Structure formats: structure tokens, C-alpha cells
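One structure is given below, encoded as C-alpha cells.
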Amino acid sequence: MRGVLGGREYRFRLAGDGMSETLLEVRDLVKHFPVGGGVLSKKTGIVRAVDGVSFDLHRGETLGLVGESGCGKTTTGRCILQLERPTSGTIRFQGEELTTLPPTAMRKLRRHMQVIFQDPYSSLNPRMTIGQIIEEPLKVHAIVTEAPARAERARDLLTQVGLLPQHAKRYPHQLSGGQRQRVGIARALAMEPALIVCDEPVSALDVSIQAQIVNLLEDLQGRFGLTYLFIAHDLSVVRHISDRVVVMYLGKVVEIADRTSLYEAPLHPYTRALLSAVPIPDPKLEARREHIVLRGEVPSPLNPPSGCVFHPRCPVAIARCAAEVPALREITPGHCAACHLA
Amino acid sequence: MAKLLQVNHLRTTFATSTGLVRAVDGVSWDVEEGETVALVGESGCGKSVSALSIMRLIAPPAGRIESGEIFFKGRDLLRLSDEEMREVRGSEIAMVFQEPMTSLNPVLTVGRQLTEGMEIHYRTQPAAARARALKLLEMVGISDPERRLPQYPHHFSGGMRQRIMIAMALACNPQLILADEPTTALDVTIQAQILELMRNLSRELGVAMLIITHNLGVVARYADRVNVMYAGRIIEQATAAELYANPRHPYTLGLLHSVPRLDEPRRARLDPIEGQPPDLTRLPPGCAFQPRCKYRVERCVEAPPLVPLDAAGHCAACWEAANIASASRVTA
């Protein structure tokens, strides 16, 4: 596959061996938000939330999308779901170009791409019963038209996600956080989607519950052949669940690799710093471990640094890094990094 | 080392519409001078309420410290008058909260918020207080303090605000800082910066620290001793090294096994703790963890006391603690 990013030619070999069909193809995705562009004031700036992101997602795989707040991972997910209109770039889903699709066609297509949100407290309507919440999309998309059949389907979905059929009569406030997240998953599953965008699906949950939900997502993937875009900031969870991982920083992809190479041989200094910042629950190991503590903070996407956006915080930056934007290059087969020194 | 803080049989309750909640149910623990102690547990386990009880910030009439003693430098804080307690807060014991966005006053400059405590507690002259505020900002790693002092909290990023919170906590030279999830709202790389900063400051200034967190990794890196809480009680107590090497309560063991770790080969499946976190208004009889426990025996309907397991002070509240020792070694 060949493409052009930032005027520079790059080559992707994003497919893991044996994985063939591309379900989603994101190319040079850009999303800029105007700031201060109210009715009365003039536009004062542009937040470059996503600034030229490209990756492929293959049917049946889990692609992890990691980075810190403000790196553009959630905006990328929202652009894919067409909840945000991208500024430029293309998104092909099952061969169809989403960015130019008329709203009616998009509505039809949307049932094939579902989303699980971070906060199980605010993503369920408190006035609806669990049964109604799960039945709603079945009704809207006229997938199951008979009410008794819909109720039956909702009960079946509840069982699939590890809840009980009688939970259908309850309201969200009667469930715990983990149970609500299961309801969110059942609602997404109801559409029998090809792709589920999981936006921080476990980070609001208690530690002991996170593992339950991660296991559930993996079981369902096996059972229904689902494809996940797993957006998260917890690198340990991402390693566990993802086949391949995309690391983002300030709206750009800094590294893409399969799970093993990314975690065992990270190429980008930012990825290395991120990994070293994750505390490991073992005091002896922690005492011996080398910690890369980055200087400063993530710069504002309103005014990103010149050259490599990471250079002001990078422990190994050279003069070239401030002047020249590094292209995302394939360093070893399937392992791409955007760093002059990689 | 002398005990700086000693909490004995503390019980704090809240009256709710569904019944009385024992948020903290008879816990005892201590902090020695200059050391870092962690309270670990999941939401609702009583870790934050423990800290608020020490500061006597439990809001009546719903909330009430029912019984217990909190000795700080030999004085029982629960017996102090409101006046006396106000003297302790901020000057001797300071607090750092989780949300740096909401715990700073948005309409006061950072400088004002830093100097307020000094002027109230020590009647420091404004010029001297300002000089100290500049020094504090420098200590917590905020560059160009002269320019930063007259700015408002919204001019600062989340990590910077947390640094300001730490500077405020240090302003009156406290002997103890209670840090309630100090880095939970922050990004990983900023979390590392803040935790390093807190550790360095605590070492340099000899301030003791209570870190309240749900993150077992944070505890491993920064705490000397750990108290694990579940449903308002301490279920395990040990030095950090001992707790991780040799967990003796099924809940601690479950927590350690349920998180994926970057230093270990990827497991095919995670090993979660089954079931739901406890509903504090409807706790099961005996051990609150028993409905979720793999090691449950008949005796668990009686509440197990927190008992020492060895001479070094490793304590666990579990009837089966002896059997779990071998289990944790096999699986570790």
C-alpha cells in the first residue's frame, strides 16, 4: 500500500500475516476545531485535534489506540463514527467512503458500527428500563419489528453479556457501574455490528471489575467475530486486548506496530516514556526499573511545536527534530514510527 | 520511629435514605514520622472518608464520626474544639485532593490561595508570604513564578494545578499530607512527574504522607506501608514489599491477579474478581468479601478479625490466610 503523508512518501504494510480483509481504512484524517469563532467574535485559532492520521483495521482484529488526553484518540473515533465531520481525509468502511456519504445512507450504515462509551453512568437514559434501552435501536432500525420478539432478543442479549433476563425490567440506577457497562455492550451488540469503537470502556470502572469487562469483550469477539477499535490510555490493558497498537501524540500517529514489537521493542521515544511511566505492582521491580520522566507538559494543540511535535519534551531530540516533521516510516516489517532517530 | 498519626477503631457513618452506611467501620492504622503510607481500595471502600475523618470534614447531620480516636502528635483530634481543629488543618495536616480542577478557587489568584493559609495560621506579613509563595512555586517545579503568581487557576493545565495544590499543602510546613488520589485525574506522564515530585519533597522536607489510591502500581512505587480496605474495613496491612511478595487476603490476591502487567508475558485471559462490589447498605453477614471469595469456608459468616500473621506486623482479616499463603506462591 502506498500513500502520501505530509508531502512525503511512505509505505505501509499494516496487515498482520494471515489477516486479509480491510474493514476500515483511515487515510490522512484531519479534524480541526475553530476556537473563539462565536457569533460575535472572530475566529482566533484552530485546534489541530487530529492532524493527518492513517491506519487500517482488519476484520476480526483489535486495534488499540493509545495516548494521553488531548492526543486526538477520541476525536479519531468520533470521526470514524461520523459523529464529527472530518476537516479532510478519507475513511473507508466496508469499501464505502464515509466522508461523502449522504445522511440517510450513513444512518443505514451506522448500525454496522457501534460504540461503547467510557462513562456507564451518563451513557444510559435514566428514564428507560434496561430492556427499553436495548430494544430501542432494534426498533429504530426496524431490525425486529414485533414487540415480544424484541423483548426476547433483549433478554437474550442480556444473557450474552453476563446479566440476567430479569435485569430488563430494572432501571440504570439500580445497577452497579460494571453492570451498566455490560448493558452498554449489549446495546452495541443488538445491531450485530461489524465494528465496535470502544472509547475507554473500562477506565471508569473499579479495578476488580475491569478484568471482567475485558474478558467479556474478548469472549464476544470470539463468539461474533467482532472488530474493535479500542481507545484507551491504560497501556497494560491495551497490551492485553490489542493485536496491533497505534500510539498518538498531539494529533499525530507516532508509532504503529503489532502488540509484541510495540511493547518489547518500542521505537519512538514517546512510546518508551509512556511505557516507563506505567507503574508496575511490584516494589522490588519498581526500585530497579529505569523511569523516563518527561519534561514539561503536552503542548497546546492550538499552537503545536515545529518539526516533530514531541521534540520539546523528547529526551533524545536533535536539531533536525525542531526543523523537520518526521514521516511515519516502516522501520521493521509492520512496525512504523515517526522519528528521525528510529 | 515515633507515631505521628495513630487511628484507633475509627467508625464513620452516613445516614442515607436506604439505611445507615458504615463507610469506615472500626479501622486502626498509623503513620510514622516521615514515612509514606497508602490506603488502597476501590470506590466506596472508605479510603477517602478515612482521610476526611482525620481532617474532621465529615458533613453533619448525615455524616458522623461515631467512635474511635485519632491521635496526632499525642493529641486526640476528635476531642479538639472546632477552633483548635482549625489550627491543625492546613498548618499541621494538609490535604491534596484528586480534582485539581475543582479544588482551587477559580476567582482567586494562585498567589492569594498560596498566601492565605500562611497569613491566617502564622500571621505572616504579606511581603514575607509572597516571598514564600514564590519559593513554593519554584519547589514544585513551576517556572517563572513571578509571572505565575498573579494568574488564576484556569491559566494552568491539570498537572500544573496539581503542583499548585501541592505547593498550597506545603505552605505552612505540615508534618503530614493527606493525598487523596493525587494523580488519578492526570495523564500517565504527568502522573509520573507529580508522584516523583511528591516523593522528593517528602524526603527532603521529612513530611509524612498518606496516599489514598486505587492504583496498586502507584502504591508499589511510592509507599512504605500499605493498608488494603474493603467495605469500610482494613482487610490487610503490611509493608509494601511484603504485601506484593506475599499477599494473604483473597481480595488483595484477586486485585493483584486481575490487572494485566507490563512486566509479565501477556496472559491469554485475565483473572477477574467475580461478582459486584459490595452495597454498603446491604452487606452480607461476616466477611464482606465472602460472596465474591474463591476461598470461602463456612466460618466466613463470622467476621474475621485483623490479626498479625508474623512478627513483622503483616496482618490480614481472613480465616483462611494461612492457606492463601501457599496459594499465592503457587500462582505467583
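The values are calculated or read from the model by the stated rules, or taken from the named source; none is laboratory data. Because the structure is predicted, anything quoted here is derived from the model rather than measured. As a convention, Cβ positions derive from the backbone with ideal geometry for all residues, glycine included, and neighbour counts pool all protein chains shown.
Residue pairs whose Cβ atoms lie under 9 Å apart, sitting 6 or more positions apart in sequence or on different chains, and linking a residue in the range A:56-80 that is within 14 Å of chain B (Cβ to nearest Cβ) and surrounded by fewer than 22 Cβ atoms within 10 Å (Cβ to Cβ) to a partner that is in a helix (DSSP H, G or I) and β-branched (Val, Ile, Thr), are A:Glu68/B:Val188; A:Glu68/B:Thr189; A:Glu68/B:Ile190. Please find, within the range A:187-196, the residue that is farthest from the chain's Cα centre (by Cα) out of those that are part of a helix (DSSP H, G or I) and crowded, with 23+ Cβ neighbours inside 10 Å. Within the range A:187-196, the match that is farthest from the chain's Cα centre (by Cα) is A:Arg187. Scan the range A:101-122 for residues that are among the small types (Gly, Ala, Ser) and modelled with pLDDT of 90 or more and the total you get is 1. Take the residues in the range B:92-138 that are in a loop (DSSP other than H, G, I, E, B) and among the β-branched types (Val, Ile, Thr); name whichever of them is modelled with the lowest pLDDT. Within the range B:92-138, the match that is modelled with the lowest pLDDT is B:Thr102.
Please tell me if B:Arg233 is buried (at least 21 other Cβ atoms within 10 Å of the Cβ), free of Cβ contacts under 8 Å to residues at least 60 places away in the same chain and either more than 22 Å from B:Glu92 (Cβ to Cβ) or within 11 Å of another protein chain (Cβ to nearest Cβ) (or both). Criteria not met by B:Arg233.
Of all residues in the range A:230-286, those satisfying the criterion of being acidic (Asp, Glu) and either touching an Asp or Glu at 6+ places or on another chain (Cβ under 8 Å) or in a strand (DSSP E or B) (or both) are A:Asp243, A:Glu255, A:Asp258, A:Asp282. Just one of the numbered conditions (1) part of a helix (DSSP H, G or I); (2) over 25 Å from B:Val21 (Cβ atoms); (3) away from chain A (no Cβ under 13 Å) is not true of B:Ala311: (1).
Yes/no per residue for (1) farther than 29 Å from B:Arg132 by Cβ; (2) within 7 Å of another protein chain (Cβ to nearest Cβ); (3) not hydrophobic (A, V, I, L, M, F, W, C):
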| position | (1), (2), (3) |
| --- | --- |
| B:Arg203 | no, no, yes |
| B:Leu210 | no, no, no |
| B:Val218 | yes, yes, no |
| B:Tyr222 | no, no, yes |
| B:Gln237 | yes, no, yes |
| B:Arg269 | yes, yes, yes |
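Of all residues in the range A:279-297, which are more than 7 Å from chain B (Cβ to nearest Cβ) and either acidic (Asp, Glu) or in contact with a Phe, Trp or Tyr (Cβ under 8 Å, 6 or more places away or on another chain) (or both)? Matches in the range A:279-297: A:Glu290 only. For residues in the range B:241-251 being crowded, with 24+ Cβ neighbours inside 10 Å and touching a residue at least 60 places away in the same chain (Cβ under 8 Å), which is farthest from the other protein chains (Cβ to nearest Cβ)? Top of the filtered list is B:Arg248.
Exactly one residue among A:Ala186, A:Ala142, A:Ala190 is closer than 19 Å to A:His112 by Cβ and in contact with a Pro (Cβ under 9 Å, 6 or more places away or on another chain), and that residue is A:Ala190. The set of residues from the range B:252-303 being in contact (Cβ under 8 Å) with a residue 24 or more places away in the chain and of a type in the set (A, V, I, L, M, F, W, C) comprises B:Leu253, B:Leu255, B:Leu256, B:Val259, B:Leu280, B:Leu283, B:Cys287, B:Ala288, B:Phe289, B:Cys293.
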